Amino acid sequence: MATTPSNMKGFYRLKKNKSGITKPTSSKKSSLHLVPSLGSDITQLTALISHGSPDLKDYHDNHEELMRQFDMNMAYGPCLGMSRLARWERAQRLGLNPPIGFEGLLKAEKVRSECWWDGRI
Amino acid sequence: MAGMEIDTVENLQRKQSTYQSLDETFEIQNETYRGQQYSQIYFARLHMMRTLLYSLVTHWKPHVPVCTVLGLEEGRECIIVGTLYKHMKLKPCILDEYSKERSAVPLVKHHNFMHPDDHLVLEDESGRVKLGGTVLSPSVYVTGVVVALHGKETGAGDFMVLDVLEAGLAPQIEPQLKSREDKYVVFISGVSAGSSLSNPLQFQLLVDHITGHLGDEKEQGIAAEIVHVVIAGNSVEIPLGLLNGQNLASKDQSRLSEPVQELDILLTQIAAGVPVDIMPGSNDPANFSLPQQPLNRWLFPGSRAYNTFRSCTNPHCFELDGVRILGTSGQNIDDLKKYSEGRDGLEFMERTLKWRHLAPTTPNTLGCYPFTDRDPFLIESCPHVYFVGNQDKYGTRILKGAEGQLVRLISIPKFCNTGMVVVFTTTKLRSQTSF
C-alpha cells in the first residue's frame, strides 16, 4: 500500500453523504400536523421528496391529507380506478356512512378528484 | 263473392299476459371504464354478501364471536366471512408460458380442471387464510363464492372449518296468479342457424307449431295458449373460418351474414304472432364478457318492425303475469362444470341460487365487465323459474327453500342437437319437453 496510515481517513469516507433521499428533519414534521394513519409516516413523506423536489403546495394541504386518509381506509374498498367522488358515493350507497364533509370538499373541487395513487402507479 | 262458403271456424285468439322486463341491472349504459381493476367488483360483492351473512349468522350461531381474518387467534372458535378462493393446480395460468420447466404440470383436460390437491382459501380485506378440515369440500366450491365459516385457527396457521353457512335462497315474492287458465312459455336455445348441425326444417316446424299453422283445432288451441317465447342464446353460428381477421372476399361476405338472415326470417314469423325475447349466447355476435348486451336490433331488419320482438341481455330477467323468470344462455353453468363437480346441470343451478350469485366464477375464469359500484349477478329476489340454455340434456326440478320458496329449475337442451324445446306452464309451474 503506497498511502500512509495518516491518509486513510481522507481516503475512505467515514460519514454518509448528505445528498439523495433523506429522512425528514423534525422541523418539517411539526408543520405537517400529521394524524395517525394506517401506513408508515416515514415512507409516505419520502415518497413526497422522491419526485425530485418536494410538492409542498399540493400535499401539505389539510384537506388533501384528510382525503388521503379516506383513500387509504380499507372499509370503503379499493381506491384505484375510481374517482374520489364515485368512491364516496359508492360508500354512501352501501351504507358505510363516509364523512359527509368529504362530499362537499370534492364537489367544491378543493381537493384532487382522483385518488392518491392515481398517476403514481 | 256472396256465394262462396267460408269455414265457420272462429279465429282463435292468442292468450295475453302482462310482461315486465327487469334487465336494467344487466345493461351497461352509464358505466364508463376508467382503468379500474376487478378489485372493485369483488369489494362490492363481498360487502353486499357480508352484510347479508352477518344478519344470518346471528340466528345461526348466536354465541360464537365474529371476527375478520386478521383478527383470528389460535384456538379460539369464531366465525369469519369472506370470499373463497380455490387454488387449482391444473387451472391454466398465463405465467405457465413463461415458466422454464413445463413437465411438472400434467396435460390439461379440456372439460375439467379439478385435481385432488386443490385447496380453498378464505379472503377478506384484511387478509387470507388457508382452509382445512373436511367440512368444506373443494370439489363443490369455486372462487368467488362468499360464505360464513365457523371454526378456529390451528397451530399451523390454517383455519379448521367446523361448519359453513351459505346465504341460501333469496326471499321470494308470492306470484299473484290472476287467472287459472293455462298459459305456456316456450324456451328454446342453441338453434345455431347456419351451422352444419342445424336443420332449418326443424326450426321451421317449430315456428309453424308456435304460430298455429300446424295441426287441427285442438293443436291450434294449445298453440294459442303460448304467450311468450324465449330464445336463450346461440341462435346463430357464424362459420369460424371467416373470422380469422383477414379481409373477406366478396363472395365470403354474404356467407358471413347468411346465418343471421336465416334467423331473422324465422324470427319475423314468430314475432308476428307471439312476443319473443332473444338473448345472446357465447356464439352470437354480441360482446364476450357477461352481462352480454342485447343483440343489435339492426341484425334483424324483419323482426324489429314488430313490437313483440325484444332483444334482451344475458342474463335475462322478466316478470310474466307476476311470475319472475330469470335465466342465462349457459356460460355461468358451463364454467362451474369446468371448475367444480356436480351430479348434473341442475345441481350447479341449485348451488348458484343458494350462493345467491348467478355467476360466482366471474371475473376469475368467466369474463365480466369491471363494475365499480355493484355486482349485477347477485340475486336479490328469488325467481319462480330459473332457466339455463345450451345444456346437453333437458332436466327440471323444483327447488324448495328454507323459507318456503319454490323455484322451478329448467335446463334447456341445445335445439340443433336434440330438436327439443321446453314448454313451461305458468299457472302450475310445470314444464315439459316438446319435440
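Just so it is clear, none of the values below were taken in a lab; they were calculated from the coordinates. This is a predicted model, so every value here is computed, not measured. Neighbour counts run over all protein chains shown; Cβ positions are idealised from the backbone, glycine included.
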Review point. Between B:Lys89 and B:Glu380, 0.36 nm times their residue separation minus their Cα-Cα distance comes to what?
Key: 101.4 nm
Review point. How far is the Cα center of the range B:159-211 from the Cα center of the range B:267-294, in Å?
Key: 14 Å
Practice item. With label points built 7 Å along Cα→Cβ from the Cα atoms of A:Glu103 and B:Asn244, find their separation and express it in nm. Key: 5.8 nm
Review point. If one computes the Cα centroid of the range B:382-435 and of the range A:59-121, what distance in Å separates the two points?
Key: 46 Å
Practice item. Using label points projected 7 Å from each Cα along Cα→Cβ, tell me how many nm separate A:Asp61 and B:Ser55, to one decimal. Key: 4.0 nm
Exercise for review: Using a cut-off of under 20 Å, list every residue of the range B:189-219 whose amide N is near the label point 7 Å from the Cα of B:Ser254 along the Cα-to-beta-carbon line.
Suggested key: B:193-196, B:200
Check your understanding: Under a point spin-label approximation (7 Å from Cα along Cα-to-Cβ), what is the B:Glu341-B:Ser21 distance to one decimal in nm?
Key -> 4.3 nm
Study note, to complete from the structure: In chain B, helical segments from DSSP H whose Cα atoms cover 15 Å or more along their own axis and that average at least 0.5 on the Kyte-Doolittle scale are B:200-211
Point to revise | Unsatisfied cross-links (Cα-Cα over 19 Å) in the set B:Lys354/B:Lys414; B:Lys15/B:Lys400; B:Lys89/B:Lys337; B:Lys61/B:Lys152; B:Lys337/B:Lys414 | key: B:Lys354/B:Lys414; B:Lys15/B:Lys400
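For the range B:297-351, run through the trypsin sites (Lys or Arg not before Pro) and keep only the ones in DSSP coil with at most 16 other Cβ atoms within 10 Å of their Cβ.
B:Arg343
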Practice item. Go through the range B:32-62 and name the trypsin sites (Lys or Arg not before Pro) that are in a DSSP coil and have 16 or fewer other Cβ atoms within 10 Å of their Cβ. Key: B:Arg34
